[in-house]
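Worksheet: the structure to be examined is printed underneath.
Read-outs: derived from the displayed coordinates by stated rules, not from any lab. None of these values were measured; they are calculated from a predicted model. Cβ placement follows ideal geometry from the backbone for every residue including glycine, while neighbour counts extend to all protein chains displayed.
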Amino acid sequence: MGRQTLLAVAVAALLVTSGCTGLDVLADGAATPSDVDVAQRYDSLDTLEATRVTTVDDGTTTNETRALVRVDFTTDPPRRYQRTLAPESRAGDVTVLNESGALLYDADENTVRRVPRIDGWTTRNQSAYLARIVAAAHGDGVAEVSDGVSPLPIIPTTRSGPSIPEDAIEGFEVEYLGTQRVAGRTAHGFELTAVSEAALTANQTLWLDSEYYYPLKTSRRIDYRNRTIEATSRLKTVTFDADLPADAFHFDVPEDATGETLNVSTQTFDSASALREHVDFSVPDPEVPAAYEFDEAQYVSGNVTQASLQYVTADGEQLTVTKTTSGPNANGWFTSGENVTVAGHDSQYLTTPRSNFVSWSCGDTRYAVVATDLEKESLLAVADSVGCE
């Protein structure tokens, strides 16, 4: 599975915040919820069981998926179970996520893929994120970076990859939409609109349960150049703190199923020299702006061979340089973006509301430079200093 495919799978997996339709606005223009501890309400949840419907329209085709989903919020990370109900071609597919990693079963192919959890993988603090959205809707103007309001899903990734941080670069305007009936429950609506000038923008509308502030419906519109992708995830039915059976998050893989376990491990180093001594290939020595200090180096081995160097500023801005020498479709990363040149090689430069990055290839080796707060000229200068090292 290629990097782009893995990215798409990760994004799709994170479209679990959802809801049901019920389009009549009950209190349009109503005041935003006040004096509510959103994080506390969300964190008070123990379990959830629901039927989720996800629709994705890429401008040429529209696909709808219906699935049974369960979440156990009492574990860290939360345990998740999903069994696809429709369409027929995917019925019976199962995904299980827990502290050990992920299990993905394809019923049609009778294959299973196991992805072990990697130390250093990060997930968003969902309750704090939703609390910041509600808080931002109370004020005027645009949510600041410190609010961490970002409409793009946070993709679990090792710090060695071109990770995109949770905080927005220039913020998003947050508007309260009033209330609406969703899945038979009252929900508060919030619209997030990116205000940064980015090549790729993603605006989002959330409908949060009025009791637990769990997302009952999420709509995302992603615009890139002349292409628009719209994704809506909604709960048709939902039971909070459901009395689930002991095996609710377990799946018995058929004995005749075939598959694989991805072999990936990570190691972290406190200096670039320590990383260089450990690997048998050259590690870049980038020229970074003066404000950036070295933070850590990381090596990913197994099905993927990757080295990365991360730098940070005093106020937390990040700059990451990544070199991937092997892996599934290592040369097939982001092919969209503005065409630029890095050290004489064709490259792609892309801006999003949260970061800017550039990627390029030297033979079978792939490079990427990602920064949360560097202008194009400065970012490309860092990339040029890396070249094909």
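Quick rundown of the values:
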item	result
Per-residue Cβ neighbour rank within 10 angstrom, fewest leading, 360, 207	360, 207
Farthest positive-ward along region 70-121 dipole, Cα basis, beta-carbon charges - from 101, 85, 71	71
Label-point separation, residue 257 to residue 100 (7 Å along Cα→Cβ), nm	1.2
For peptides 270-280, 299-309, 250-260, sequence by mean Cβ density within 10 Å, most packed first	299-309, 270-280, 250-260
Potential extension, residue 250-residue 267 segment - 0.36 nm per residue separation minus Cα distance	3.1 nm
Residue among 273, 289, 345 farthest towards the positive dipole end of region 263-386, charges placed on Cβ	345
Point-charge dipole on Cβ atoms (K/R +1, D/E -1) for region 263-386, about Cα centre, debye to 20	440
